[in-house]
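The values are calculated or read from the model by the stated rules, or taken from the named source; none is laboratory data. Everything quoted here is computed from the prediction, not taken from an experiment. Here the Cβ positions follow ideal geometry from the backbone for every residue, glycine too, while neighbour counts run over all protein chains shown.
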């Protein structure tokens, strides 16, 4: 599948085909995470509730790292 890079205002972007949007259950306004993998890009959809939970976990893990290590013994 191909997508052409287009000018969008002062930026550039790609248009996702309708079929991709439907298959991945995406809608206008959804947030996609872009990750560079060598010379490729990976797009992933973001679940806002999960992202909030994951950040809370990472924060607690950083803050209580030593305590968690002790509890794991």
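Within region 1-16, being within 16 Å of residue 31 (Cα to Cα) and in contact (Cβ under 8 Å) with a residue 12 or more places away in the chain holds for 15, 16. Mind counting the residues in region 1-24 that are closer than 15 Å to residue 44 by Cα and part of a helix (DSSP H, G or I)? Residues flagged as closer than 15 Å to residue 44 by Cα and part of a helix (DSSP H, G or I) within region 1-24 amount to 4.
Picking from residues in region 36-61 that are loosely packed, with under 10 Cβ neighbours inside 10 Å and at pLDDT 90 or above, the one that is nearest to residue 17 (Cα to Cα) is 40.
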